[in-house]
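Here is the structure we will look at, set down as structure tokens.
The values are calculated or read from the model by the stated rules, or taken from the named source; none is laboratory data. It should be emphasised that the depicted structure is a prediction, and the values quoted were computed from it without experimental measurement. Neighbour counts run over all protein chains shown; Cβ positions are idealised from the backbone, glycine included.
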């Protein structure tokens with residue numbers, strides 16, 4: 001039975017409305033532009049895999065050679081989609097949890113436009129042959145300072161919001177969000193300086209690039225995903241996070257282990273002997289924080305199983321957390337020194353691990369956050385439940401197929417490479433059927449995300465339907481703040497765990 005809202009509840013709802021209104025334009029810009037880049041990245045990925053299956057495809061166009069297209073595919077996936085989805089989620093999370101309106105949304109929005117312009121220039125630079133050839137840093141050298149400057153304009157105001165927050169506890173999701181915001185410029189600036197400014201031995205540049213690739217995954221994308229999981233799980237279920245001590249273990253284990261991973265990709269190279277094995281050990285130990293995060297968040301979600309039927313955000317988040325756990329477990333088995341590492345090192349296995357991290361773990365949690373956040377900042381409900389279900393199913397099937405095929409096919413590919421009794425062409429033939437299946441799986445993912453992008457653009461144009469569903473901040477929400485996806489940010493003494 002509904003009751004009249006207390007003044008504190010009404011004031012709380014008014015504050016949340018003001019925060020969401022102040023964040024609407026920059027957050028929606030990051031989400032929609034990121035979704036467009038995701039579709040473009042998937043198109044490039046399909047072309048890249050198709051050229052591996054049929055090398056003579058588009059062989060008359062130098063812009064679309066396999067090396068350039070693959071580099072553009074990964075770069076747009078990481079910086080066009082991944083970073084922008086993370087920026088949108090992080091600035092909204094920090095604003096909500098610090099209970100501060102964004103006073104510099106215009107500056108953040110301008111920085112977002114600059115980021116997209118720089119990404120476009122960098123992608124064209126790769127396709128026209130001006131790429132650096134450094135994995136995950138393929139953009140021309142001139143692009144990286146501009147990216148750092150754009151990021152600074154986004155992150156500084158967010159960190160100021162965190163710094164001037166009201167005195168009180170720091171929520172679990174804030175630990176991971178602030179950690180991601182701080183670690184990102186450190187990783188990017190360090191790699192840029194050591195590779196492009198100082199330069200020196202190309203072998204050490206390759207080692208730094210491998211460290212950068214791993215650091216961006218484990219110290220930016222993974223913490224951002226964890227921040228979303230720790231926010232949405234208690235928010236939607238209405239239950240506190242299970243095991244506060246496990247959350248602590250997850251955060252500090254990630255902060256300590258994450259910076260050491262990456263250099264296992266150079267095992268056998270003429271670099272200090274301990275570095276590849278230190279990287280392999282760190283990658284194996286990443287299973288500790290991923291297991292801790294998955295355990296506490298999944299237990300929280302399963303405390304209210306009835307919510308899965310009504311909440312697409314919870315379904316996407318649970319799928320992302322499961323992929324996070326799979327990432328940690330798979331990382332253990334493909335990075336064992338003197339065993340699977342020498343098989344996976346130069347095969348397509350690493351691509352499968354990247355996709356499992358970027359699309360399986362990170363992107364699914366970003367999709368969950370987007371389905372949760374967008375109705376609040378647009379004051380509209382999503383247009384089609386069918387499109388959301390289709391997005392979930394096709395993306396789930398597609399990413400499982402791409403990641404598993406690339407990992408398993410890569411192990412078979414790598415084992416054939418190590419068999420010196422047979423020619424190199426034998427290893428290529430072993431990987432061929434896995435590449436065909438990967439191509440089909442990418443088409444499913446592209447299909448689902450094309451309609452997700454259209455759905456999101458329609459929401460930005462505020463064409464969504466008005467509704468009294470509790471995800472919206474209307475009169476019905478004030479009379480029922482604890483609905484299927486209740487939106488109480490300040491739930492009392494236990495909220496430090498719940499958030």
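Taken as a whole, the range 370-381 holds at least one residue that is at pLDDT below 90, surrounded by fewer than 20 Cβ atoms within 10 Å (Cβ to Cβ) and not in a helix (DSSP H, G or I).
Select from the range 284-314 the residues that are crowded, with 23+ Cβ neighbours inside 10 Å and assigned to a helix (DSSP H, G or I) and list them in ascending order.
In the first step, residues of the range 284-314 are kept if they are crowded, with 23+ Cβ neighbours inside 10 Å; the result is 286, 289-290, 292-294, 296-297, 300-301, 311, 313-314.
Across the range 284-314, the qualifying residues are 289, 290, 292, 293, 294, 296, 297, 300, 301, 313, 314.
Results for (1) crowded, with 23+ Cβ neighbours inside 10 Å; (2) without any contact (Cβ under 8 Å) to a residue 12 or more places away in the chain; (3) at positive phi, shown as yes or no for each residue.
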| site | (1), (2), (3) |
| --- | --- |
| 188 | no, no, no |
| 202 | no, yes, no |
| 246 | no, no, no |
| 261 | yes, no, no |
| 270 | no, no, no |
| 276 | yes, no, no |
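All of (1) surrounded by 15 or more Cβ atoms within 10 Å (Cβ to Cβ); (2) at pLDDT 75 or above hold for residue 430 with one exception: (2). Screening residue 130 on (1) more than 18 Å from residue 18 (Cβ to Cβ); (2) more than 20 Å from the chain's Cα centre (by Cα); (3) touching a residue at least 24 places away in the same chain (Cβ under 8 Å) shows it passes everything except condition (3).
Of 193, 178, all but one fail to be out of contact with any helix residue (DSSP H, G or I) (no Cβ under 9 Å at 6 or more places or on another chain) and either part of a helix (DSSP H, G or I) or closer than 20 Å to residue 296 by Cα (or both); the exception is 193.
Residue 365 meets the stated requirement of being on the phi < 0 side of the Ramachandran plot, under 19 Å from the mean Cα position of the chain (by Cα), crowded, with 21+ Cβ neighbours inside 10 Å and modelled with pLDDT of 75 or more. Any residue at all in the range 192-203 that's farther than 23 Å from residue 247 by Cα and under 20 Å from the mean Cα position of the chain (by Cα)? Within the range 192-203 (the criterion being farther than 23 Å from residue 247 by Cα and under 20 Å from the mean Cα position of the chain (by Cα)), the answer is no, since none of the residues qualifies.
Among the residues of the range 160-182, those that are touching a residue at least 60 places away in the same chain (Cβ under 8 Å) and closer than 19 Å to residue 85 by Cβ comprise 173, 174, 176, 177, 178, 179, 180, 181. When 404, 384, 347 are checked against the criterion of being modelled with pLDDT under 85 and surrounded by fewer than 24 Cβ atoms within 10 Å (Cβ to Cβ), 404 stands alone in meeting it.
Kindly indicate whether residue 122 is buried (at least 20 other Cβ atoms within 10 Å of the Cβ), at pLDDT below 95, at negative phi and over 20 Å from the mean Cα position of the chain (by Cα). Before you say what the answer is, go through the steps one by one.
Working: buried (at least 20 other Cβ atoms within 10 Å of the Cβ): yes; at pLDDT below 95: no; at negative phi: yes; over 20 Å from the mean Cα position of the chain (by Cα): yes.
It is false that residue 122 is buried (at least 20 other Cβ atoms within 10 Å of the Cβ), at pLDDT below 95, at negative phi and over 20 Å from the mean Cα position of the chain (by Cα).
Quick one: count up the residues across the range 157-174 that are farther than 14 Å from residue 95 by Cβ and either in a helix (DSSP H, G or I) or in contact with a helix residue (DSSP H, G or I) (Cβ under 7 Å, 6 or more places away or on another chain) (or both). The qualifying residues number 2. Per this entry, residue 455 is not counted among residues that are modelled with pLDDT under 90, assigned to a helix (DSSP H, G or I) and closer than 30 Å to residue 20 by Cβ. All conditions but one from (1) in contact with a helix residue (DSSP H, G or I) (Cβ under 6 Å, 6 or more places away or on another chain); (2) without any contact (Cβ under 8 Å) to a residue 60 or more places away in the chain; (3) over 15 Å from residue 138 (Cα atoms) apply to residue 240; the one that does not is (2). Only a single criterion out of (1) modelled with pLDDT of 90 or more; (2) surrounded by 22 or more Cβ atoms within 10 Å (Cβ to Cβ); (3) not in a helix (DSSP H, G or I) is not satisfied by residue 132, namely (2).
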